[in-house]
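Note sheet for the following structure.
The values are calculated or read from the model by the stated rules, or taken from the named source; none is laboratory data. Every value quoted in this text rests on a predicted model; they were computed, and no experiment measured them. Backbone-built Cβ (ideal geometry, glycine too); neighbour counts: all protein chains shown.
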Amino acid sequence: MEKLLDIDYLIKSYPHILKYLPVTIWISVASMVLGIAIGLATALIRLYKVPVLGPLSALYVSFVRGTPLLVQIYLVFYGIPKFIYYFQTQHGWMTGIDVNYVSPEVYVLLSFSFNLGAYLSETIRSAIESVDRGQFEAADAIGLSRTQTMLKIILPQALTVALPNLGNTFISTIKDTSLVFVIGVIDIMGEAKIIGARGLAYFEVFIAVSLIYWPVCIIIERVLVIVEKRIRKYERSAIS
Amino acid sequence: MIQLQQIHKYYGSQHVLKGIDLTVGKGEVVAILGPSGSGKSTLLRSINFLERATSGSITINGRTVDAASASKQDVLALRLSTGMVFQQYHLFKNLKVLQNVMLGLTDVKKLSPAKAKEISTVLLEKVGLKDRMNHYPSQLSGGQQQRVGIARALALNPEVLLFDEPTSSLDPELVDEVLSVIKQVASEGNTMIIVTHELGFAREVADRVVFMEDGIVVEEGTAEQMFTNPLKERTRQFLSKALRA
Ligand SMILES: Nc1ncnc2c1ncn2[C@@H]1O[C@H](COP(=O)(O)OP(=O)(O)O)[C@@H](O)[C@H]1O
Ligand SMILES: [Mg+2]
C-alpha cells in the first residue's frame, strides 16, 4: 500500500532545507531595515506635506497597497533591467552596470524594501501622530530644532508605539520571502521545491519547510514581547 | 523687561487678539485674568512664537522682534529668553525627570552634561523633586509633573517665565504644592506672566493684574487696586462672579 507520508524523506530533507535559512533571514532583515528607512522618509514627507513629494508618496503607498507583492517582484525583476538598458543605450548612463550579471537577490531586496517602505510609512506615520502635540510645543518652547525634537523626543516614542506593528510586519516578511524563488533566489522554500521535485515528495518537503517557518516565527514573536516590555518601561506608571 | 506692542492675532477671519499692549518690568509678576476664550493663551503663546501673531512686536531684553517678519534666529532668541509652563505639563515622556530638565541645556545651550546636570539638580531640589530625578514622568503625580515642568522652564535661566493655567489640570489636593513652588520662584525675583483662575493666588503673588476679555485688555492695575476697587464695571462683574464660584 502507498504510504501517506515518507517520514524518512522528510527527516532527510530537513537539514538540507534548513541550510538555506540564513538566506531567508538575511533577506528579511535587510529588507526590513531598508523598508524602515524608506517608510520613515515617506512618513515625514507626508507629515510635513512636502510639495510634489507629498502627493507622489501618497501615490506610491496607494500603488503598493493595491497590488500583490508577487506582481511587484515581477515588475522590479523585469522592469529595472529594461530601464537600465534603456538609459545605457539612449543616454549612455549607468554604463558600469551589466544587467546580465545583477544577482536576483538585488531585485528581491529592491522589491521587498519598496513594498515594506509603503506599509511601514503608514505604521510610522500614525505612530508619530500618536505622540501628543504638547510635547512638540514643549520642545519648541525650549528652543529645540525640528530635527532634535524628532530624534530625541518624538521618534523614540513613535518607535515604541510602532513596535508591535513592526514586529508583525517582520514576521509577515519572513513568510513572504517564500516568494523569492520565482525569480531564482534559493531560500528555504526554493530548496524545498528543488528537493521535492528530485524525490517527487512534495508533501514531505513542504511539511519540513513549515517546521522551519513556524518555530522561527514563534521565536521572533517571543523575542519581540521581551523587547517591547523593555522599551515600554517609561510608560509604566506609579512606582514611586 | 518685556514689552508687547499692538499684538494682533487672527485665526482665519476670527480676530482673537485686538491690539494688546503690555509691559512687564524686571522682577515683576503679572497675572492675567479673564473668561475662557478671551485670548489669554494665545497672547502668552505669541510671546514665544508657539503662535505667530499676525502683527505687533515683542521686545525682550532689548531685542525687538516684529511678529510678521521674525526670522528663525529671532524666534530662537525669544524662545531662549522665555520659559513656558503648560497647563498639561507636556513633559517629554520618554525621558527621565533629570533629562527633561537637562535637555535644553545640553542640546540647545550646548553645555557639558556634567554642568547641565549640576544646574538641573539644583533646580529639581528647588521644586522638591531631587529624589525623583530618575523617575519617568508617568511615575509622578500631576503636581510633581508640573513641578518638573517648572524646573524645565527655569533651566534656560529665562528673562521671563510664562505660566498658562499651571494648576487647572490638577486634582484640588495637588494645587497647593504647585502654587507654593510658583510663589517661591516669584519671590526670587523672576519676571513672570501667569494666566490663572486662582484669584486668591493671583492676588497674593502678582504685583499687577491684567483683565482680558474678547482679545482686549479691559483693565489693568496693581493687584490691590484690581481686587478691591476695579474701575470698570466688567472687571467688577467678572471678579465677583469668579470669587463666588
Ligand atoms: N489654533 C487655533 N485655531 C483657531 N482658533 C483658535 C486656536 N486657538 C485658539 N483659538 C480661538 O481663539 C480664541 C482665544 O482662545 P484662547 O487664547 O485659548 O483663550 P483663553 O486662553 O483665554 O481661554 C478662542 O475663541 C479660541 O477658540
Ligand atoms: Mg487658555
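Checking the structure you have, find out if any residue of the stretch B:199-219 is on the phi > 0 side of the Ramachandran plot and either surrounded by 14 or more Cβ atoms within 10 Å (Cβ to Cβ) or part of a helix (DSSP H, G or I) (or both). Yes: the stretch B:199-219 contains one or more residues that are on the phi > 0 side of the Ramachandran plot and either surrounded by 14 or more Cβ atoms within 10 Å (Cβ to Cβ) or part of a helix (DSSP H, G or I) (or both).
Considering each residue of the stretch B:180-205, count those that are more than 16 Å from ligand 1 (Cβ to nearest atom) and farther than 23 Å from B:SER81 by Cα, and give that number. Result for the stretch B:180-205: 5. Taking the numbered list (1) more than 14 Å from chain A (Cβ to nearest Cβ); (2) in a loop (DSSP other than H, G, I, E, B); (3) exposed (fewer than 15 other Cβ atoms within 10 Å of the Cβ) in turn, B:THR23 passes all entries but (2). Of the residues making up the stretch B:3-40, those that are near ligand 1 (Cβ under 9 Å from one of its atoms) and in contact with an Asp or Glu (Cβ under 7 Å, 6 or more places away or on another chain) number 4. Just need a number here: residues in the stretch A:86-132 that are farther than 26 Å from A:LEU166 by Cβ, in a helix (DSSP H, G or I), touching a helix residue (DSSP H, G or I) at 6+ places or on another chain (Cβ under 6 Å) and not hydrophobic (A, V, I, L, M, F, W, C). The qualifying residues number 1. Residue count for the stretch B:162-174, restricted to those that are away from ligand 1 (no atom under 14 Å from the Cβ) and within 16 Å of the chain's Cα centre (by Cα): 1. Considered as a group, the residues in the stretch A:104-128 that are without any contact (Cβ under 8 Å) to a residue 60 or more places away in the chain and either under 22 Å from A:THR177 (Cβ atoms) or not assigned by TED's automatic domain parsing to the domain that holds A:ALA41 (or both) include one that is surrounded by the fewest Cβ atoms within 10 Å (Cβ to Cβ), and that residue is A:VAL106. Whether a residue is assigned to a helix (DSSP H, G or I) and touching a strand residue (DSSP E or B) at 6+ places or on another chain (Cβ under 8 Å) was assessed, and A:ALA138 passes this test.
If the condition is being more than 16 Å from ligand 2 (Cβ to nearest atom), within 13 Å of chain A (Cβ to nearest Cβ) and of a type in the set (D, E, K, R), then the stretch B:42-87 contributes B:ARG52, B:LYS72, B:ASP74, B:ARG79. For the stretch B:112-147, the candidate set comprises residues that are of a type in the set (D, E, K, R) and free of Cβ contacts under 8 Å to residues at least 40 places away in the same chain; within that set, the residue that is surrounded by the most Cβ atoms within 10 Å (Cβ to Cβ) is B:ARG147.
The single condition among (1) buried (at least 16 other Cβ atoms within 10 Å of the Cβ); (2) within 18 Å of B:GLN3 (Cβ to Cβ); (3) out of contact with any His (no Cβ under 6 Å at 6 or more places or on another chain) that B:THR64 does not satisfy is (1).
In the stretch B:76-104, of all residues being charged (D, E, K, R) and outside any helix (DSSP H, G or I), the one that is farthest from B:ILE47 (Cα to Cα) corresponds to B:LYS96.
Close Cβ contacts (under 6 Å, 6 or more residues apart or on different chains) running from residues in the stretch A:129-147 that are closer than 22 Å to B:LYS110 by Cβ and facing another protein chain (nearest Cβ under 8 Å) to residues that are assigned to a helix (DSSP H, G or I) and not β-branched (Val, Ile, Thr) comprise A:ILE142/B:GLY104; A:GLY143/B:LEU76; A:GLY143/B:ARG79; A:GLY143/B:LEU80.
Any residue at all in the stretch B:98-108 that is farther than 30 Å from B:ASP131 by Cα, within 14 Å of chain A (Cβ to nearest Cβ) and among the hydroxyl-bearing types (Ser, Thr, Tyr)? No, the stretch B:98-108 has no match at all.
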